[in-house]
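The values are calculated or read from the model by the stated rules, or taken from the named source; none is laboratory data. From a predicted model like this one, the values you see are computed outputs, not experimental measurements. Reconstructed Cβ throughout: ideal geometry from the backbone, glycine too, with neighbour counts over all protein chains shown. With ligands, DNA and RNA removed, areas are computed over all heavy atoms of the protein, side chains included. Shrake-Rupley method; radii C 1.70, N 1.55, O 1.52, S 1.80 Å.
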Amino acid sequence: HVETVVDALLEELDLTATADTVVGTLAYGEKRRLELGLALASRPSVLLLDEPLAGLSPTEREGAKLLISNLGKNRTIVLVEHDMDAVFKLAARITVLHEGHKLAEGTPSEISSDLQVRQAYLGGTAPP
């Protein structure tokens, strides 16, 4: 049964071809996918991802966004990410923090049109 779970994760994460490779020799993007696999092995209903796109090449970023989108179909994902284009593409609800405080919360369209968010992140400062 464990082998079945591992095989399914390797397939889902596109790591089947590197299943027998020493981790230290994997490319950075493959290591990041392996980290996701380790988190997914316990079949969590909630997955916490802290800047999963950081350090990835543009091609790897696109693959990671697709993977995160697919993973979100079967579980709740809490995503901390600075790539706002990715956040707007992936998230159903967004909470924006500014200087450690919640600035706004809503759908991607609500957040993109929020005046305080625009001021805080497009050159101005937002009130606390």
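Suppose R0 equals 22 Å. What FRET efficiency, 1/(1 + (r/R0)^6) with r the Cβ-Cβ distance, do S112 and D83 give to the nearest 0.05?
Numbers: r = 14 Å, r/R0 = 0.65.
Computed FRET efficiency for S112 and D83 comes out at 0.95.
Just want to confirm a number: the relative contact order over the chain, from Cα pairs under 8 angstrom separated by 6+ residues, in percent. Relative contact order, the chain: 15 percent.
In this simple spin-label model, placing a label point 7 Å from the Cα along the Cα-to-Cβ direction at both D50 and L97 gives a separation of 1.0 nm.
Note on the chain: with neighbouring protein chains present and a 1.4 Å probe, carbon and sulfur make up 56 percent of its accessible heavy-atom surface. Checking every one of the trypsin sites (Lys or Arg not before Pro) in the range 12-73 against DSSP loop status and a limit of 14 other Cβ atoms within 10 Å picks out K73.
For the chain, count the residues as N, evaluate 2.2 N^0.38 Å, and divide the Cα radius of gyration by that value, please.
Details: Rg = 17.1 Å, N = 128, 2.2 N^0.38 = 13.9 Å.
For the chain, the normalised Cα radius of gyration comes out at 1.23.
State the antiparallel share, in %, of DSSP beta bridges confined to the chain, rounding to the nearest 5. It would help to have the intermediate numbers written out before the result.
Working: 5 of 10 bridges.
The antiparallel proportion sits near 50 percent.
When all alpha-carbon pairs of the range 1-51 are counted, what percent fall beyond 17 Å? Percentage above 17 Å: 34.
Per-residue surface analysis assigns E105 an accessible area of about 90 Å², computed on protein heavy atoms at 1.4 Å probe radius.
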